[in-house]
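Below you'll find the structure, written out as structure tokens, and then a few comments.
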Amino acid sequence: DDAEDMIVLAVTDSGLGLPKDADPARLTEPYVTHRERGTGLGLAIVKKIMEDHSGRVVLGTPDWLKALAGWNDLGGATVSLTLPLEAADLIAPPADAA
């Protein structure tokens, strides 16, 4: 995937973060949780939705995000959602555009 053809939304919270020994791939499986509360379905649902739209989920803070000016590590978990841009949708105006 070319970075130019993708859009990335990185969401960071100020919670406890991901456990250091956690397997990121396993955390997106249904019913997996490292907390006392919760169903372990949240990231699994997000992953399914992203895959249905040819996207992907990345857990952890990517290096490019850490390098951005003004990046403020809140100490929690970061989840990056990556989706392909559809060039035709960006270039072609709607049929009823005047």
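Throughout, read-outs are computed from the coordinates displayed, never taken from laboratory work. Predicted model only: the values in this text are computed from it and were never measured.
Data overview
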{"read-out": "Cα extents of segment 3-85 along the three principal axes, largest first (Å)", "value": "38, 30, 17"}
{"read-out": "Note, ³J(HN,Hα) from phi for segment 21-29, Karplus 6.51, -1.76, 1.60, rounded to Hz, x at Gly and Pro", "value": "8, 6, 8, x, 5, 6, 5, 9, 7"}
{"read-out": "For Met6, distant residues with modelled amide H under 5 Å away", "value": "Leu85"}
{"read-out": "22 Å Cα-Cα reach of Lys20 towards lysines, excluding residues that sit fewer than 8 places from it in its own chain", "value": "Lys47, Lys66"}
